1. Which FRET efficiency value, to the nearest 0.05, do you get for Lys171 and Arg49 by plugging their Cβ-Cβ distance into 1/(1 + (r/R0)^6) with R0 = 35 Å?
2. How large is ³J(HN,Hα) for each residue in the stretch 194-205, as worked out from phi by the Karplus curve 6.51 cos²θ - 1.76 cosθ + 1.60 (θ = phi - 60°), to whole Hz, x for Gly and Pro?
3. Where does each of 111-122, 152-163 land if you order them by average Cβ count within 10 Å, highest first?
4. Using only DSSP helix segments of four residues or longer, with each worth -39500 (n - 2.57), what per-residue ellipticity at 222 nm results for the chain after dividing by its residue count and rounding to 500?
5. For the stretch 88-243, taking Cα atoms only, what is the radius of gyration to one decimal and the Dmax to the nearest whole Å?
6. Set the Förster distance to 35 Å, then compute FRET efficiency between Glu232 and Ser131 from the Cβ-Cβ distance, nearest 0.05.
7. Looking at the stretch 83-144, which GluC sites (Glu not before Pro) are DSSP coil and have at most 16 other C-beta atoms within 10 Å of their C-beta?
8. Given springs between every Cα pair under 10 Å in a Gaussian network model of the chain, which of Gly24, Gly74, Gly38 has the largest fluctuation?
Amino acid sequence: MLALVTGASKGIGKATVELLMKEGYEVVATSRSEPEVGHHRIKLDVSDRGKVEEVVRKVMEEIGEIDVLVNNAGFGVYGSFLETPVEEEEYMVKTNFLGPIYTTKMVYPHMAKRRMGSIVNVVSEAAYVNSPVLLVYSATKAALSSFTNGLWSEARKYGVKVSGVYPGPVKTNFSSHPSFKGREITPKYAVEPEAVARAILKGIRTGKREIYVPSKLRVDPYFLKLANVAQEITYRLVDKFSL
Ligand SMILES: NC(=O)c1ccc[n+]([C@@H]2O[C@H](COP(=O)([O-])OP(=O)(O)OC[C@H]3O[C@@H](n4cnc5c(N)ncnc54)[C@H](OP(=O)(O)O)[C@@H]3O)[C@@H](O)[C@H]2O)c1
């Protein structure tokens, strides 16, 4: 089974590559800097649609059909909306939201044709609870959540599993973006990236629409579950009335 992981040089992406390799997957690891782990390590900025198309096409031609796509690449810009330069927000939207659309657009049609495959998007609890210091970041994750839910609904008709993984705080390099100016916002109760990697593997195997990775405080999932119930009702109505 061939898996392609984006944002594989650090944090959750790197832990995911390591877990998938341990589980017997052949892994294509991608990120802007060269990944340290993975059977195939490719430099790829997911905000660049042309490059995504080129790399995915090359992988499919030279390595094989992609069975698993993990859209993990992402970052947050810290600060108020008033003070954040629009160029930084634009690049973040392209990375966090359009990046997964670019990769999925390339990989999903092949999966649908073969009636197999799994796509896992790394979202965030920020999709549900907008953080004022990560305002546009939260909005990119809300957009990614909406896309993931919609794709889950469509793809199941073609035998393709889609899953959104929603971590709370995770101990990674997330706060290393220059906009944080050295602030470390990751709380002590954050989980290790390996916990998110295990949730991603669960998503690959089950196609569960939403998988939460709660912080050690274990409070936040209740808010997320309420929103999930509303989404579930929508899908039941869509199914019932064949919308
Ligand atoms: N840490 C948390 O608390 C937390 C919570 C919820 C969700 N998340 C999400 O988890 C995902 C992974 O983040 P992380 O916490 O593991 O942070 P991280 O340690 O900073 O890793 C981010 C990864 O994304 C890559 N990346 C960033 N921009 C990219 C781009 N334009 N194109 C390709 N790769 C890019 C980085 O590699 P290069 O710099 O080499 O490109 C790196 O490999 C993100 O989508 C993030 O939003 C994180």
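1. Numbers: r = 32 Å, r/R0 = 0.91.
Computed FRET efficiency for Lys171 and Arg49 comes out at 0.65.
2. 4, 5, 6, 4, 5, 5, 5, 4, 4, x, 4, 6
3. Details: 111-122: 21.2, 152-163: 18.2.
Those peptides, ordered most packed to least, come out 111-122, 152-163.
4. Numbers: 7 runs with 105 residues, N = 243.
Computed mean residue ellipticity for the chain: -14000 deg cm²/dmol.
5. Taking only Cα atoms of the stretch 88-243, I get Rg and Dmax of 16.1, 52 Å.
6. Values: r = 25 Å, r/R0 = 0.72.
Once rounded, the FRET efficiency stands at 0.90.
7. Values: sites: Glu83, Glu87, Glu88, Glu89, Glu90, Glu125; in loops: Glu83.
In loop regions of the stretch 83-144 (DSSP not H, G, I, E or B), the sparsely surrounded GluC sites (Glu not before Pro) are Glu83.
8. Highest fluctuation of the listed residues: Gly24.
Rule-based calculations on the coordinates, nothing more; no lab input. Quantities reported herein were computed from a predicted structural model and do not represent experimental measurements. Here the Cβ is made from the backbone with ideal geometry for all residues, glycine too, and neighbour counts use every protein chain on show.
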